[in-house]
Each structure stands twice: as structure tokens, then as C-alpha cells.
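Student: Sharing a structure with you now.
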Amino acid sequence: MAAVVPAPPRLGAVAWLRANLFSGWFNTILTLLALFLLVRALPPLFDWGVAHAVWGAADPDVCKEASGACWAMIHEKYRLILFGRYPYAEQWRPLLGLVLLVGMIGVSCNRNAWGLRLAEAWVAALAGWLALMWGGFAGLTFVPNNLWGGLPLTLILTVIGLAVAFPLSIFLALGRRSRMPVIRILCRVYIELIRGVPLISLLFMASFMLPLFLPTGVSIDEVLRAQVAIILFSAAYLAEAVRGGLQAIPKGQHEAAHALGLSYWQAQRKIILPQAITVAIPSIVNIFIGLFKDTSLVAIVSLTDLLLAMRQAIADPQWRRFFVEGYVFIALIYFVVCFFMSKYSQYLETQFRSGQQR
Amino acid sequence: MVSPATPAPAAIWRNQRFRLVLYQAAALLLVIAIGAYLVSNTLANLEERSIRTGFGFLSREAGFRIGESVIPYDASSSYGRAYVVGILNTLRVSILGIVLATLIGVLVGMARLSRNWLVVRLASLYVEMVRNVPLLLQLFFWYTMITGLLPSVRQAVQLLPGVYLSKSGLMFPAPVPHPGHPYMAAAFVIGCGLAWGYRGWARRRQEATGQVPKLLLPSLGLIFGPPLLVWLASGAPTALDVPAFTRFTFRGGNSITPEFLSLLAGLVLYTAAFIAENVRGGIQAVPRGQNEAAAALGLRRGTALRLVVLPQALRIVIPPTTNQYLNLAKNSSLAVAIGYPDLVAVTNTSLNQNGQAIECIAIMMGVYLTISLSISVVMNVYDRYVALVER
Amino acid sequence: MRNKTLYARLFIAFTVAVLTGSAHAGKTLDAVLARGDVRCGVSTGVAGFAIADSAGNWTGLDTDFCRGLAAAVLGDAAKVTFVPLSAQQRFTALQSGEVDLLSRNTTWTLTRDASLGLMFAGVTFYDGQGFMVPGDLGVQSATELDGAEVCVQTGTTTELNLADYFRANNMNFKPVVFENLEESISAFFNGRCQVYTTDRSGLAAILAVDAPNPDDYVILPETISKEPLGPVVRRGDDDWFTIVKWLVYALIEAEEKGVTQANVASMMDSQDPVVKRLLGVSGDMGTKLGLGNSWAVQAIQAVGNYGEVYDRNVLPIGLARTGSNRLWTQGGLMYAMPLR
């Protein structure tokens, strides 16, 4: 049933069908079963999602009459879902931020652009994005971050989380491979502790315990608290990815750097880390995907991320019955982002592998 | 920048070893200082706001009820017992989830390598769809589907005689407790041990004589025979507690709540997609020559897969799959979002009722760490056991 | 080297900005005055008490109290930031100084008053827990609820009262406990449970706002607990505590003396010594609190007296002003300590 078989050469439709769908009684049964499922599932799905669906602006009553999906709900609520409670008139700001982010990601996908320059550009872009979100200058009204929500909040938590956790994770990864036992143990304990508990417990800790840890009079708001938890969380996972990269660097590189008279930090900065991080990038992209999905947990501590914004949108009693449409809509957003990122990570992996084989 | 290697007597801070010790001492001090700072802040805050501290609350009456529990629990039970209920609920869904996710994951992983084009496409569709959407969203979706689309409890569908499905969950008959039951459980455990022993004997015999003893039927007999005998010996009690509809919902029998059902479905389907990828990768990583060699030896495909490919693939599959098991156990914490009373839910309720956030969260984290470490240890032992097969 | 110092400076600037942006002075009143707004923790959406429309405008009894407070302290009822808080977040938010007070249907209990680092400043609404069931179940009384599944929100006194009530009446029930309000409400309306329980005010609000068809549900007659709801402040700041407490009394006193939003200006000429003291014409009551003497006038001008606040917000969700919520002169429990 499961064996690695080379793809047969194409010999025309009938031969292809026979080779791929009807080779043997077992495969024939499987094919028929799968076809049966598809025939049972697809037409009703099409009817629901497309043929009998209500598109564009429409009253909830119109939707109640229709037998298909009520995409009018999305039409009515998409701004609430995408931007949460961010002031309605100012929502061009998070939108502009999203465009900026997509642009930066587009540039970063190009391997030739990788380097310190890109890192600096990212820092600038993130600062610009946050400034745009907050406002309070140049005639932009100030928007406190308890009003941030929807997709921008999800992305901010993810991207800022990774950006801040990344330098931290490098120290952790180096520390875990250090010659100094105390530092090694400290780093290892941190990494294992964080990886051993669920993110939700860290979020709980951040929202219930962090306020007690700080001196009286200093308080940090909820978004920042969740952000701290996400940073601490992702640093541990990133550190393991970077460590994987470090392990892939041949010992000769260390020795060569040492022979050149480079100090430990010089060797790490100029020789080892650039290679190790490059090797680790596919895993880092995977961590990004995981984190992007995991930020949905902040909904549990009542931050209005994409998921909670959608749930608030469908809490409207008029539209409540159309919850499936809401879930499909945001599932699609998550899917598109994660799917392309994971394809990119796979592409990188094959690139690196072919690079090594040369 | 680079200091030339001077033979002059170096000052002590130039001494490599001394510096290493110094760095480590500094790091340790820094960590201790940060820790002390946080602790002193916390103590000051607790003092100033006169918040109670200590674990004394564990023996106090909890006062709240928990929806489902495998041990007796009511509102007059202690906080400690409430925690045990939460931990058991977490373990229940995690263990069941790990077993089911492994089964489905292996099936789907093999389906992705099938020769059947349609099956491959369907399996990939499933894997890509499930992996790229947050688990929490899937949980909400399942829960809303189950409570939204199933009939209300008064119009419950009868699936089988005595088995009902509705918004209140799945109700099914359960045997009326009988004094013979504990003995049956003991007999079952003994039967499992016997089957294990038989397997070892069969392998030794195969190595000694080349004959392959029958494995499946005798094992099943050994596992299920003893409990059956005990059941007969204790008078073959057949009394069933069948759920019956009372004014609001069913009473009697056993039930699976929609919360448990949607959590289990979400966790299993999500984790299975990742395990499937591990399985696929593992099987693909076994060199093709192994398969061809097995075929040349005259092994049938099923046998070749079982005896040649899978044992090798297993070694590659285990470490990432261990990670998935850990993830499943940790992800079960999302139960709190859909109202399943797991450890997090109990923690959350307790800390809201008694305000002792630090103690409650510390217990929760400690338990999760213990679970994670246990899974790691068990899987490491298994990994070593599998690795030893290699010569 | 240039880069390094630049990064270091950016980092420090960022850290400082983050910490100072949210730092508080020790005394709440000073902090409020310095900041120019009152940060008020409210519920995430209970009609009649605190609910935001799609434009983000809050209405309700709890939010009006905060507006009155802002008017009394800062002279401008608009200088309030409403921070919506879930049941689990509310106490942490107050303890950590994220909000200056909670005005968020919170029940006054001994445990909360004594061991959570809070102080209850008064009662703005006397509530009690009730049950809601679908009408077609034919249930007439809560004593018939043996064996039902009950949807309830976690982290509330509701959860404890529920267990107590069923225990006291020797009945059994199965709780289905949810993390947040919306979740528990939609589970009930989806038919997951046969019973929903919360404070009666909450039941009325849910029925008015969330029910797909309000006529399909009935609220059972039993009130199973005492739920005095009122503003809460952080422990350890007696001045602020006193201000909040006396604002509650001032609004009640204003109702008792017939001072309303409309007539407050003309009442300044009143000869009644109590009204004179209340409105700051005599007695320097405001100064004693650390506020201006026109504190009560400003609050009443902004939101009206207690009766007006109640009628504007709570009557529309179908809760007539009966029982304990009437003035003491009419047989209720709304009683202001003497302003002198």
C-alpha cells in the first residue's frame, strides 16, 4: 500500500487511470470510495458556498431565506473582523501598516537581500508600523493599544514577538553550547522550562502574575503583557532552531576562525552565526507559522485578535446563525498566510540541500 | 585588537580559566539578582494589597462544581481535589488523543504515499488544510458545529438502542457496578502480561526453529480470555444502566460531553496531520534499496513494509512524533476556551475565586512540566529500545 | 561603533517610553489629575450597565458613574477612558493600577474585600442571582431544576451561589462553565444547556440584547442570592476610596433632595442646608475630599442624580425600580450617609 514508487511515464489517459487509480483490487476499492465521498460532498458544498449563497450587501432576513452561505455577513462585518475596535475612521492606518509588512516580507523572501541591511530595514519598518498604529503625532489621533485588534494585532504580536525574541534566542543557543557549565545549565533550564509548558499558561502568567512582579506604580498594559509572554515563548523555540543551525556548522569553521586569531565573539559574529542562521531559516519560518497560529490564543486572555474580533462580529444576534461563514473567512486568511509561508520554507530547504550537494 | 601572545606573567583577570569562572559567577549573580528583585517586588505588592499567600487554600472547600469528573467531586470538596479532577481530565483527553492521533496519523501518512492518485490528493488536502489553520479556531468550529447542528437533548437521535446523540453529548449504557469488575480489570492486566510473554516466546521460537508461530489469535485470547473467565465466574452480570430521559436531560448510563468530543476531535485531527507528515518523511527516508532487497527476498509488500521499512522508518519518525505528543498534551490546555474542565479551567476558576494567582499558576505549570518530562522520558526509553535493534 | 550606540540609544528610548507611558504616581487622585482622565474598568458588554455601540460610545449605569466621577474630579465628564475587562481580568487590572476603579457589576463579598487587595466603595445596584430557561420547558420555579444542565460564566460569585443553592435544596445539576460571557450566552441560546444563570440584571440585559427571540425565554421568580454591585478601588489609597464612596452618596442624596440634572443650577439658591452643602454653596465638602466645592454639581450636571441614571439606563432593559434599589424613604436601601 505504501511504498515509494517512481512516477510512471505518461502514456495517455486510460493508461494513467489504470496505473494511478485502478491498479489492483485494493486501489480500485479505495478509488471508488474516494469518488463516492467526493460526489456526496462536493455538489452540496458548491451549492452552499457558491450557487445558493447570498453575496454582497444584504439584510439578515434575505440570508435566512436563502439555503446557501451568507457572505453578506462578511460584507457587513469585514472591517470589524479585520481591524477589531480600532477607530473606524482611522482604519487606513493599520491597512497601510499591513501593506508595509507585506512589502517587507516580499523583499525578505529574496535570498539576495539577506543581510544586516535587511535587519535594519525591518527594525525601521516595525518602528514605523507601530508609530502609525499609535499615532499621536503629525495630526494623527492617538490610538491606545487596547483598541488595537484584528489582523494587525495578530501580526504585530507575531512579528514583533519574533523580532525581539530572535537576538535573545541567539544568546540562548550560544549559551546552551557554551563551555561554561553554569551558563549552559541556565540556558538549558530556561529553554526546557518554557518548552515544557503550554503558551496559554505563559499568557495567564503574564496577565495575572506579571503585574505583581513589577514594583508598585509600574504597570504595563495588556497587549504588552501578552507580547512579553509571546517573546519569552518564542525565544525558547527559536533558540532550538538556531542551535540546530549551529550544530550543522562543521568544526573546521570554528578551528579556522580560531586559527585566524578571531576572538570568540568575532568568530561567532563573522563566521559561525551567518552560516548557522542561514541553515536555520527554514525552521525559523516554520516557527513563524506556528507562532502566527498560536497568537490566536491571546483571544483567551481577551485580546481582540483576528479570532476574537470574528467571534465578536458573530455575537451580533442578527447575524449569529451565520457563524460558519465567519469561521471560513478567517480560516482562509490564516490558511493563505501559513500555506505560502510553509511552501516557501520547503522551497528554501530544497535550495539549501541542493546547495550542499554541490 | 588581537593581543599578541606575550609570555609575560599575565594579570589574574587575563587568566582564561579565571575569566570563565568570573563570567559564570556574573551570570549566576545576574539571574539571582533579577529573581530576588522580582520576588521582593511580589512580596511587597502582596503585603501592600494584603493578598493572602500560601498553599493552605488547597485543603479549603472549593465551593464550585465541575462539569465532568472521573472521581467523585462536588462543591464541598477541597481545592486540592478540584485540581486532581482537572489533572485527570487533562490526562484523559491527552492519552486518548495521543492514541487516536497516532492511528489516524499513520494511516494518513501511508495514504500520502499510496499509489492511488486520488487518495494521495485527498490526504494532502486534509494535511494542508488542517495544518495551516490555528487549532483554537478549529476547536471553536467543532464546538459550534456540534452544539449548533445537533438536535437539542429533547429531540436526541437514537443511534442504537440506548445510545443517544444530542447537544448534551453522546449518552450510552454502562454496566451497573458489580463486585466482579475490579477482578476483571486485574485479569485484563494479567492477560496483557501473558500476551507479552507469549510474544517473546514466539520470537525466540522463530529464531530457534524458523517456524513462525501464530501471533494474533493467541494474543487476543490471552488478553481477553482471563477477564471473560472472571466475568463468567462472578455470575456473568449483564445488568446495564441505560440512559433514560428525565425532565431536562438523560440520567443514568455514561456520557461523553460535546466539550470533550470537540476537544478530542480537534486535537486528534490537528495532531494527526503533523504525525502523518512525520510518517511520510520517515518512510521516504528509508533507502529504496531496502524495499527492493526485501522484494528480492520474496517478501510480500505488506510483510516487507512491516519487517523492513517500518522498523527503519520508526527510528526517524519517533523524535518528531514525540514533539507532537508533547504538543498535543500542551494543546489540550485550549480546552478552557470551549468549556471542558481541564487543568487550566480549574486553575482559572480557582484563581478567580481565591485570588491567589501565583500559587494557582505555579501548580498548573508544575503539572504541565511533569507531564512533558514524563512523555519525553517514556519516548526516549522507547527510542532507545528501537535503536538497539540496529546492530 | 556608531551603529552600536545608535541601537543602544534606541533600545533605551524604547524601554523608557514603554515604562513611563504607563507608569503611575502613587496616589490615584494625583495620577488622575496629572493624566487628565479617569481610567474606568467596565464590563465587556452588559446592556443597561456598560455597553458600547459600534462607534465605541459607552452607555449604562456603571459607565455613567465613571462619567460622574470624571466630572467631579476633573470637571469634564468626557475625560474617561473605559477599559472593558472580563470577569477574570478585572481584579488584576485594578490591583496593577491599569484602571483607577472598577465600575463593573462586581459583587461585594468578604473574601474580595479582605483578601484581594481591593475595597468596595459602595453599592450602586442591589442585585440577586436568577435563572433563565426556555419557555417551552414549562418550568415554573427554580426548585424544579433538579438534573438540569446549567450554563455559567467562570470566575464569578454566580458559580459559587449556583452550587450553594442546589446543595441547599438537595438537587443535582451539571455545570457547563465558560471562560467568557459571550461564550456562555451563545451556548445557552444554541441549546447546549437548559438553564442560564447570572444576576437578574444580567438576565434582563441578555434577554433584551442577545436573545434571538426574547418571548421564548422566561426568568424564574426565585432570587437565590444577594448581589450588591458597586464601584471598587485599590486597597491602600484612602483618599481616592473616600472620593468614590462619597460620590455614590452624593448622587443618592441629590435624588432624595430632588436635585436633578435640569434643576441643579436653580437649586443653588435653595435654602435647604443639606442641598447647600451638597452643591458646595456652604460647608466646603469638596475641599475636604481634596476636590473643588462644585464637585457634586459637576457630577449631577453631567449624569443627573441616582434616580435619573437608573431610569435612563436600567429601565429600558425592562428592570423596574423596585425593592432594594429604591430610596430608603420609599422603603428601599439606597441611603446616603449624612453630608456634613
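Student: Identify, by number, the condition in (1) within 14 Å of chain B (Cβ to nearest Cβ); (2) under 18 Å from C:C40 (Cα atoms) that C:P231 doesn't meet.
Tutor: Just one mismatch for C:P231, condition (1).
Student: I've got another one for you. Considering the range B:145-185 alone, what residues qualify as being charged (D, E, K, R) and assigned to a loop (DSSP other than H, G, I, E, B)?
Tutor: B:K167
Student: Next question, about the same structure. Being at pLDDT 85 or above, in contact with a Gly (Cβ under 9 Å, 6 or more places away or on another chain) and more than 15 Å from A:L98 (Cβ to Cβ) is the filter here; which residues of the range A:124-155 pass it?
Tutor: Correct list: empty.
Student: Within the range A:309-345, which residues are closer than 24 Å to C:D210 by Cβ, at the interface with chain B (Cβ under 10 Å from one of its Cβ atoms) and of a type in the set (A, V, I, L, M, F, W, C)?
Tutor: Answer for the range A:309-345, where residues must be closer than 24 Å to C:D210 by Cβ, at the interface with chain B (Cβ under 10 Å from one of its Cβ atoms) and of a type in the set (A, V, I, L, M, F, W, C): A:M310, A:I314, A:F323, A:V324, A:V328, A:I330.
Student: Out of curiosity, is C:R192 more than 30 Å from C:L118 (Cβ to Cβ) and either not assigned by TED's automatic domain parsing to the domain that holds C:D311 or not polar (S, T, N, Q) (or both)?
Tutor: yes
Student: Related question: Kindly indicate whether any position in the range C:272-287 is closer than 30 Å to C:A52 by Cβ and either surrounded by 18 or more Cβ atoms within 10 Å (Cβ to Cβ) or at pLDDT 95 or above (or both).
Tutor: no
Student: Does C:R200 count as open to solvent by 10 Å² or more (accessible area, probe 1.4 Å), touching a residue at least 12 places away in the same chain (Cβ under 8 Å) and at the interface with chain B (Cβ under 8 Å from one of its Cβ atoms)?
Tutor: When the stated conditions are applied, C:R200 does not pass them.
Student: Report whether or not A:A138 is assigned by TED's automatic domain parsing to the domain that holds A:L232, open to solvent by 20 Å² or more (accessible area, probe 1.4 Å) and either on the phi > 0 side of the Ramachandran plot or among the aromatic types (F, W, Y) (or both). Let's see the steps before the verdict.
Tutor: Numbers: assigned by TED's automatic domain parsing to the domain that holds A:L232: yes; open to solvent by 20 Å² or more (accessible area, probe 1.4 Å): yes; either on the phi > 0 side of the Ramachandran plot or among the aromatic types (F, W, Y) (or both): yes.
It is true that A:A138 is assigned by TED's automatic domain parsing to the domain that holds A:L232, open to solvent by 20 Å² or more (accessible area, probe 1.4 Å) and either on the phi > 0 side of the Ramachandran plot or among the aromatic types (F, W, Y) (or both).
Student: Checking the condition open to solvent by 50 Å² or more (accessible area, probe 1.4 Å) and on the phi < 0 side of the Ramachandran plot, which residue from B:L310, B:L305, B:L334, B:L328 passes?
Tutor: B:L310
Student: More than 10 Å from chain B (Cβ to nearest Cβ), open to solvent by less than 30 Å² (accessible area, probe 1.4 Å) and either under 11 Å from the mean Cα position of the chain (by Cα) or of a type in the set (K, R) (or both), is that true of A:L348?
Tutor: no
Student: Tell me which residues, restricted to the range B:73-106, are within 13 Å of another protein chain (Cβ to nearest Cβ) and open to solvent by 50 Å² or more (accessible area, probe 1.4 Å).
Tutor: Selection gives B:D74, B:S76, B:V106.
Student: When B:L125 is evaluated against the numbered criteria (1) crowded, with 16+ Cβ neighbours inside 10 Å; (2) among the aliphatic types (A, V, I, L, M); (3) within 14 Å of chain A (Cβ to nearest Cβ), which criterion, by number, is the only one it fails?
Tutor: B:L125 satisfies every listed condition except (1).
Student: Looking at this structure, is C:D100 modelled with pLDDT under 95, of a type in the set (D, E) and not assigned by TED's automatic domain parsing to the domain that holds C:F188?
Tutor: yes
Student: Output yes when any residue across the range B:196-214 is in a helix (DSSP H, G or I) and of a type in the set (D, E), and no when none is.
Tutor: yes
Student: While we're here: Report those helices (runs of 4 or more DSSP H) wholly inside the range B:277-391 carrying at least 3 residues which are over 29 Å from B:G54 (Cβ atoms).
Tutor: It comes to B:288-296, B:301-304, B:310-331, B:357-388.
Student: Another question, then. Which of the numbered conditions does C:L162 fail, given that it passes all the others? Conditions: (1) facing chain B (nearest Cβ under 8 Å); (2) open to solvent by 10 Å² or more (accessible area, probe 1.4 Å); (3) modelled with pLDDT of 90 or more; (4) touching a strand residue (DSSP E or B) at 6+ places or on another chain (Cβ under 7 Å).
Tutor: Status for C:L162: all satisfied but (2).
Student: Would the range A:200-216 turn up any residue that is more than 14 Å from chain C (Cβ to nearest Cβ) and of a type in the set (A, V, I, L, M)?
Tutor: yes
Student: Considering each of B:F140, B:F57 in turn, give the residue that is assigned to a helix (DSSP H, G or I), under 21 Å from the mean Cα position of the chain (by Cα), within 14 Å of chain C (Cβ to nearest Cβ) and touching a residue at least 24 places away in the same chain (Cβ under 8 Å).
Tutor: Exactly one of B:F140, B:F57 is assigned to a helix (DSSP H, G or I), under 21 Å from the mean Cα position of the chain (by Cα), within 14 Å of chain C (Cβ to nearest Cβ) and touching a residue at least 24 places away in the same chain (Cβ under 8 Å), namely B:F140.
Student: Out of all the residues in the range B:228-239, is one or more assigned to a helix (DSSP H, G or I) and without any contact (Cβ under 8 Å) to a residue 24 or more places away in the chain?
Tutor: Yes; the residues of the range B:228-239 include at least one that is assigned to a helix (DSSP H, G or I) and without any contact (Cβ under 8 Å) to a residue 24 or more places away in the chain.
Student: Test C:T143 against the stated conditions and say whether it is crowded, with 23+ Cβ neighbours inside 10 Å and either modelled with pLDDT of 90 or more or aliphatic (A, V, I, L, M) (or both).
Tutor: So C:T143 fails the test.
Student: In the list B:I87, B:I95, B:I71, B:I51, which residue meets the criterion of being closer than 30 Å to B:N327 by Cα and touching a residue at least 24 places away in the same chain (Cβ under 8 Å)?
Tutor: B:I87
Student: Can you tell me which residue in the range C:45-83 is nearest to A:G84 (Cα to Cα), limited to those that are polar (S, T, N, Q) and open to solvent by less than 60 Å² (accessible area, probe 1.4 Å)?
Tutor: C:T81
Student: Can you report the number of residues in the range B:151-160 which are touching a residue at least 40 places away in the same chain (Cβ under 8 Å) and more than 9 Å from every other protein chain (Cβ to nearest Cβ)?
Tutor: 1
Student: Can you say whether C:Y217 is modelled with pLDDT of 90 or more, open to solvent by 20 Å² or more (accessible area, probe 1.4 Å), over 19 Å from the mean Cα position of the chain (by Cα) and among the hydroxyl-bearing types (S, T, Y), as far as the supplied structure shows?
Tutor: yes
Student: Just name the residue that is farthest from the other protein chains (Cβ to nearest Cβ) out of those in the range B:239-262 that are in contact with a strand residue (DSSP E or B) (Cβ under 9 Å, 6 or more places away or on another chain) and of a type in the set (G, A, S). Spell out how you get there, then give the answer.
Tutor: Here is the first cut: in the range B:239-262, the ones in contact with a strand residue (DSSP E or B) (Cβ under 9 Å, 6 or more places away or on another chain) are B:239-245, B:247-261.
Subsequent filtering for residues that are of a type in the set (G, A, S) retains B:239, B:244, B:252-253, B:255.
Values: B:A239: 22, B:A244: 11, B:G252: 11, B:G253: 14, B:S255: 9 Å.
That would be B:A239.
Student: Please find, among A:V189, A:V143, A:V164, the residue that is more than 21 Å from A:F288 (Cα to Cα) and either touching a Phe, Trp or Tyr at 6+ places or on another chain (Cβ under 9 Å) or buried (at least 17 other Cβ atoms within 10 Å of the Cβ) (or both).
Tutor: Among A:V189, A:V143, A:V164, only A:V143 is more than 21 Å from A:F288 (Cα to Cα) and either touching a Phe, Trp or Tyr at 6+ places or on another chain (Cβ under 9 Å) or buried (at least 17 other Cβ atoms within 10 Å of the Cβ) (or both).
Student: Looking only at the range A:293-321, count every residue that is over 15 Å from A:V223 (Cβ atoms), out of contact with any Asp or Glu (no Cβ under 6 Å at 6 or more places or on another chain), part of a loop (DSSP other than H, G, I, E, B) and of a type in the set (A, V, I, L, M, F, W, C) and tell me the total.
Tutor: Total meeting the criteria: 2.
Student: When the range C:295-335 is examined, which residues are found to be part of a loop (DSSP other than H, G, I, E, B) and open to solvent by less than 50 Å² (accessible area, probe 1.4 Å)?
Tutor: Answer for the range C:295-335, where residues must be part of a loop (DSSP other than H, G, I, E, B) and open to solvent by less than 50 Å² (accessible area, probe 1.4 Å): C:G304, C:N305, C:V314, C:L319, C:R321, C:G332.
The values are calculated or read from the model by the stated rules, or taken from the named source; none is laboratory data. Bear in mind the structure is a predicted one, so any value in this text is a computation, not a measurement. Every residue, glycine among them, receives a Cβ derived from its backbone with ideal geometry; neighbour counts consider all protein chains shown. With ligands, DNA and RNA removed, areas are computed over all heavy atoms of the protein, side chains included. Shrake-Rupley method; radii C 1.70, N 1.55, O 1.52, S 1.80 Å.
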